[in-house]
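Undergrad: Please find one structure pasted underneath; my questions will follow.
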Amino acid sequence: MPSPIHVLNAIGGTWQEAESGQRMDNVGPKDGTVVATLPRSDGKDVEAAVIAAEAAQPAWGALPITDRADMLDRIADVMEANADALAELEALDTGKPWEVARHVDIDRCIRNFRFFAELGRTRPEQTFAMDDAMNYVLRKPVGVVGLISPWNLPLYLLTWKVAPALLMGNAIVAKPSEITPLTAHRFSELADEAGLPAGLLNVLHGLGPEVGQPIVEHPRITAISFTGGTATGRIVAATAAPMFKKLSLELGGKNATVILEDADLDTVVPGVVRAGFLNSGQICLCGSRVLIHASLYDAFLPRFVEAVEAFGIGPVISADHRDKVEGYLALALEEGGQILTGGTRGEGTGFHLTPAVIAGLSPDSRCATEEIFGPVVTVHTFQTEEEALAITNGTEYGLAGSVWTSDAERGRRFAAQMDTGMVWVNTWLHRDLRVPFGGVKHSGVGREGGEWSLGFFSEAVNICVADKA
Ligand code: NAD
């Protein structure tokens, strides 16, 4: 691997510098060194990518969906053959342990393609019979779609959009996070190696306001699928809405992990630690607020702290992000909390922070209601289910959460009252790719996953045919 790695834009099947010639650095979180440089693209590169996409899309969109599904499988094959090396790039870029990159991230990227390929082959045509006519629902491609993704699960989240967008016959202009461009760059090469026609997958690198914004503004990009922070989502929505673009927004969260008084702590402790700290707490679904019934608090807390201290995590993504997380730790003390463990910088020059547990905060404090997106969990107690629900639903976010109880029916009843798009009962991040994925309130608009993704990346056209001519 050359060092630093030279990342290029993929436009129309060629790998190019930004038209401006400008480049920028990409710093690795493990030791703070420059691991790659990337093009600092702008609106001119977006225009070139859109022209390439428009040239490629009609022939692709005209193929039978089964042919496109076969291409998705070929991409999965090539990714599988390169999985270890892709994991190495992801680990270098994000700082996550290689095993997590390989078995959480890259395995899932491959699954994204296999899953949508199979869905494309097996989904029945939708028809609605009337007494004297038949309705046929045709799924047309949207055309050229813009895909914008964040740094925490870089290729996992990008391919979660790329696979259904391609399956439904679209061409893509993608913009991965400038903090983690490596696997998207390599993926653009692997898709080409798999035989994906040139121009269908254009990948542009650079800063959000400089290249992401022109993608959202471009009049011939007619759908935007965005995953990232709520503040950026607000800008994307404000830009795209007056243009009547299709818009899918997967945004931030402040997810509650609720432990009811009948929960079994042997199951709860490892589950809650994983929910709080996997990927250094940098997963939108992480349970960053633990709500525990007061009767279990004394038994739970020392076991939880011990398990957190034993849970190995990588660094956080960047120096800026570490500053942000440390800012919240300082705020927690000002707000009257106690840091029971963690929150200290590790050895070396990387952006390490030990996993932190904070107790004693009011559930409506800033630390307990704002998204920190790092290895920090706050712990709160409750006496009744009503109180637990009020705390759970007391933030502007509504992405996900989990409930832990020995009574699954009770868990389901509680889950149904949570104002979130997704809830797990006695588990966390247990994903069936067919189910709807997304948040309510300020956590997003729309759903991805299975049929929901296919619906977003297509236009449903109804053709009503009368029985008699
Ligand atoms: P971010 O919003 O800073 O950036 C996301 C992407 O948007 C990046 O590629 C960035 O360059 C781009 N961008 C920035 N400004 C833009 C603009 N004006 N127009 C278009 N694009 C622009 O988010 P991040 O820091 O990369 O990711 C962390 C956030 O993502 C957290 O809030 C996390 O909760 C959220 N997230 C949500 C989900 C979900 O599925 N709901 C999944 C992962 C991460």
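The values are calculated or read from the model by the stated rules, or taken from the named source; none is laboratory data. Small disclaimer: the values here were computed from a predicted structure and weren't measured. Reconstructed Cβ throughout: ideal geometry from the backbone, glycine too, with neighbour counts over all protein chains shown.
Undergrad: Of all residues in segment 235-253 being more than 10 Å from the ligand (Cβ to nearest atom) and in a helix (DSSP H, G or I), which is surrounded by the fewest Cβ atoms within 10 Å (Cβ to Cβ)?
TA: Within segment 235-253, the match that is surrounded by the fewest Cβ atoms within 10 Å (Cβ to Cβ) is Pro242.
Undergrad: Of the conditions (1) more than 10 Å from the ligand (Cβ to nearest atom); (2) outside any helix (DSSP H, G or I); (3) in the same structural domain as Ala184 (by TED's automatic domain parsing), Ala263 satisfies every one except a single condition; which number is it?
TA: Of the numbered conditions (1) more than 10 Å from the ligand (Cβ to nearest atom); (2) outside any helix (DSSP H, G or I); (3) in the same structural domain as Ala184 (by TED's automatic domain parsing), the odd one out for Ala263 is (3).
Undergrad: Still on this structure, please answer the following. Could you go through segment 401-409 and let me know if any residue there is within 15 Å of the ligand (Cβ to nearest atom) and buried (at least 20 other Cβ atoms within 10 Å of the Cβ).
TA: yes
Residues are listed down the side, and each one gets a yes or a no for (1) hydrophobic (A, V, I, L, M, F, W, C); (2) more than 22 Å from Glu371 (Cβ to Cβ); (3) modelled with pLDDT of 95 or more:
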position: Gly169; (1), (2), (3): no, yes, yes
position: Val173; (1), (2), (3): yes, yes, yes
position: His185; (1), (2), (3): no, yes, yes
position: Ile215; (1), (2), (3): yes, yes, yes
position: Ala237; (1), (2), (3): yes, no, yes
position: Leu251; (1), (2), (3): yes, no, yes
position: Asn255; (1), (2), (3): no, no, yes
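Undergrad: Within segment 186-203, does at least one residue satisfy the condition of being buried (at least 24 other Cβ atoms within 10 Å of the Cβ) and within 14 Å of the ligand (Cβ to nearest atom)?
TA: Yes, segment 186-203 contains at least one residue that is buried (at least 24 other Cβ atoms within 10 Å of the Cβ) and within 14 Å of the ligand (Cβ to nearest atom).
Undergrad: Across segment 365-382, what is the total count of residues that are surrounded by fewer than 18 Cβ atoms within 10 Å (Cβ to Cβ) and out of contact with any Ser or Thr (no Cβ under 9 Å at 6 or more places or on another chain)?
TA: Matching residues across segment 365-382 total 1.
Undergrad: For segment 224-234, which residues satisfy the criterion of being of a type in the set (Ser, Thr, Tyr) and either surrounded by 23 or more Cβ atoms within 10 Å (Cβ to Cβ) or free of Cβ contacts under 8 Å to residues at least 12 places away in the same chain (or both)? Lay out the reasoning, then the answer.
TA: First, pick out the residues of segment 224-234 that are of a type in the set (Ser, Thr, Tyr): 225, 227, 230, 232.
Residues satisfying the conditions are Ser225, Thr227.
Undergrad: Same structure, new question: Considering only strands (runs of 3 or more DSSP E) fully contained in segment 394-469, which possess at least 3 residues that are under 25 Å from Pro124 (Cα atoms)?
TA: 458-466
Undergrad: Is it the case that some residue within segment 305-315 is of a type outside the set (A, V, I, L, M, F, W, C), under 26 Å from Leu389 (Cβ atoms) and either in the same structural domain as Thr427 (by TED's automatic domain parsing) or at pLDDT below 95 (or both)?
TA: So far as segment 305-315 goes, no, none of its residues is of a type outside the set (A, V, I, L, M, F, W, C), under 26 Å from Leu389 (Cβ atoms) and either in the same structural domain as Thr427 (by TED's automatic domain parsing) or at pLDDT below 95 (or both).
Undergrad: For segment 204-223, how many residues are outside any helix (DSSP H, G or I) and crowded, with 24+ Cβ neighbours inside 10 Å?
TA: 4
Undergrad: Looking at Pro181, Pro164 in this structure, which one is in contact (Cβ under 8 Å) with a residue 40 or more places away in the chain, near the ligand (Cβ under 10 Å from one of its atoms) and not small (Gly, Ala, Ser)?
TA: Numbers: Pro164 fails: near the ligand (Cβ under 10 Å from one of its atoms).
After applying the criteria, what remains is Pro181.
Undergrad: Which numbered condition trips up Val137, out of (1) more than 16 Å from the ligand (Cβ to nearest atom); (2) part of a strand (DSSP E or B); (3) surrounded by 24 or more Cβ atoms within 10 Å (Cβ to Cβ)?
TA: Unmet condition: (3).
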